[in-house]
Amino acid sequence: MSASKTDHPHPSPALLEKLSVREKIVIANWKMNGSAEANRLWAEEFLAKLGDLNCRTAVCAPFVYLSELVRLFKDTGVAVGAQTVSPRDQGAFTGEVSAAMLADIGMSLCLVGHSERRLVAHGIAPVVCVGETLAEREAGLTEAVVLRQLRTVLTRVPVAKLGAVAYEPVWAIGTGRTATPQAAQHVHAALRACLTEADAEAAAKTPLLYGGSVKPDNAHELFSQPDIDGGLIGGAALKAEDFHSVCAAARVD
Ligand code: PEP
């Protein structure tokens, strides 16, 4: 059985073509939530008000729902992505899903804790997540930790091939605690500087997303920071209405 088919039956929109100036991106990360019926209702509700938004959007869902979501969001501009991917190409790895398989069903992006060259090879944009733990933050190591994580990725993936970098402080994910807009901006500026050092032109176009308890009421201030190009949203992406409100906050004033 071969896993390397490359023509996509339902290509997902290219969410992560590089940002044009000041465009925002908001990505829903549903984690292990949803059902066929709930997803259909979510899509229906979100698509009904999609025209109000002026940011790019994407939904990262559990593997089993991806094909159906590609169908539901076909030709709408909403991109669909996976939440993880195997670092292997193919073979005897029970339960794993390869980048080629994701490309085969029309994925255009994938969340990854650390980046893999083969994602790039299969045309899937890696959304690379970096972030410090609470202990690291309290030890004053935030910048050092996230820059180390990003530099590790850059040894394997050129800036121009990154889909996005998401700064997600571990202590803020799913906790209701969020970085202040100023603290998040500080980290984003350091990430941008690091990308710029490697490739200034590509760095200017690489979306830097903030993730960690973003909600409708704190999204706008976060997204208004100069180096915050949008968000990666967990809890607030589970209801279409809340996710729509977060996306609406990603306007450019
Ligand atoms: C996430 O899942 O990446 C995330 C940021 O979750 P939450 O918005 O719930 O903190």
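What the table below lists for this structure:
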quantity: Leu47 - accessible surface, heavy atoms, 1.4 Å probe, Å² rounded to 10; calculated: 50 Å²
quantity: Sequence of His244, His122 from largest to smallest accessible area, 1.4 Å probe; calculated: His122, His244
quantity: Sequence-distant residues sharing a close amide H with Gly230 (under 5 Å, placed H); calculated: Ile25, Tyr210
quantity: Residues Glu96 and Asp75, FRET efficiency given R0 of 22 Å [Cβ-Cβ distance, rounded to 0.05]; calculated: 0.10
quantity: Residue of Ala92, Ala172, Ala189 that the Gaussian network model of the chain assigns the largest fluctuation, springs spanning Cα pairs under 10 Å; calculated: Ala92
quantity: Cross-link pairs beyond the 23 Å C-alpha cut-off, checked among Lys24/Lys205; Lys49/Lys74; Lys31/Lys239; Lys31/Lys215; Lys31/Lys205; Lys74/Lys239; calculated: Lys31/Lys205
quantity: Residue-level accessible surface for Arg251, protein heavy atoms, 1.4 Å, Å²; calculated: 110 Å²
quantity: Relative contact order of the range 131-230, defined on C-alpha pairs under 8 angstrom at six or more residues apart (%); calculated: 32 percent
quantity: Top of Glu45, Glu37, Glu68 by mean-square fluctuation, Gaussian network on the chain, Cα under 10 Å; calculated: Glu37
quantity: GNM flexibility winner over the chain from Cys129, Cys194, Cys110 (Cα, springs under 10 Å); calculated: Cys194
quantity: Antiparallel bridges, percent of DSSP beta bridges restricted to the chain (to nearest 5); calculated: 0 percent
quantity: Simple label model, 7 Å out from Cα along Cβ direction - Ala200 to Asp52, nm; calculated: 4.2 nm
quantity: Whole-Å semi-axes of the chain's equivalent ellipsoid (Cα gyration tensor); calculated: 26, 23, 17
quantity: Helix-only [θ]222 nm of the chain, DSSP H runs n ≥ 4, -39500 (n - 2.57) each, per residue, nearest 500; calculated: -9500 deg cm²/dmol
quantity: The chain - percent relative contact order, Cα under 8 Å, separation 6 or more; calculated: 23 percent
quantity: For the chain: accessible area per residue (Å², 1.4 Å); calculated: 46 Å²
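The values are calculated or read from the model by the stated rules, or taken from the named source; none is laboratory data. The structure presented is a predicted model; accordingly, all values stated were derived computationally and were not measured. Virtual Cβ from ideal backbone geometry, glycine too; neighbours counted across all protein chains shown. The accessibility values were calculated without ligands, DNA or RNA, using every heavy atom of the protein model including side chains. Shrake-Rupley method; radii C 1.70, N 1.55, O 1.52, S 1.80 Å.
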